[in-house]
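Taken together, the values in this text are just the output of simple stated rules run on the coordinates, not laboratory data. Just so we're clear, the structure is a prediction, and the values are computed from it rather than from any experiment. So basically every Cβ, Gly included, is an ideal-geometry build from the backbone, and we count neighbours across all protein chains shown.
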Amino acid sequence: MAPPYPMDFLGFTALVITGFTACAEFGSYAFVHPVIRALPPEHHVRVEQGLLKTFGRVMPVLMTLCVVLTLSYAIHLSGVAGAARLVRWASAASFVLALGFTIVFNVPINVSTGRWTAGNPPANWKQIR
């Protein structure tokens, strides 16, 4: 018996893009940054700046796509009742909040970090990062 609402292209795309983006963010947080924290200050700052260049090219696009896709999917299936409706809207709200917090808090820190001299970062650089 076929499911009543098979996954469509929008649902599949939303799942893949949001899954990839969340995995990239989690991998950076859980596996990359703990290693970087153990580096000497100059190397730590250089790696952070390199990550900002790499992630800075991709993540703004992916995070914005996550918002657009999850909102589109929630709207697309808004007529389908049940717990899944709440989950779709909660997912969209989560990505909206994540993007908002990133723009308000992380982007200014990242812009500042990108301007530092790796050999002579500000005295409070660890607190800023």
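A few comments on the model shown:
- Crossing angle, helix 9-27 versus the chain [Cα axis fit, 0-90 degrees, rounded to tens]: 30 degrees
- For the range 65-74, 3J(HN,Hα) per residue [Karplus equation, 6.51 cos²θ - 1.76 cosθ + 1.60, θ = phi - 60°, Hz, x = Gly/Pro]: 4, 4, 5, 4, 5, 5, 5, 4, 5, 5
- Relative contact order of the chain, pairs being alpha-carbon contacts under 8 Å that are 6 or more residues apart, as %: 31 percent
- Relative compactness, the range 9-117, computed as alpha-carbon Rg over 2.2 N^0.38 Å: 1.27
- Our note on the geometry: Cα centres of the range 1-63 and the range 85-110, 14 Å apart.
- Residue-count net charge about V80 - beta-carbon cut-off 13 Å; Lys, Arg +1, Asp, Glu -1: +1
- Rounded to 10°, Cα long-axis angle of helix 83-101 versus longest principal axis of the chain: 20 degrees
- Using θ = phi - 60° and Karplus 6.51 cos²θ - 1.76 cosθ + 1.60, couplings along the range 42-56 (whole Hz; Gly, Pro as x): 4, 5, 4, 5, 4, 5, 4, 5, x, 5, 4, 5, 5, 5, x
- Charge dipole of the chain about the Cα centre (unit charges at C-beta), most positive-ward option of I103, I128, A92: I128
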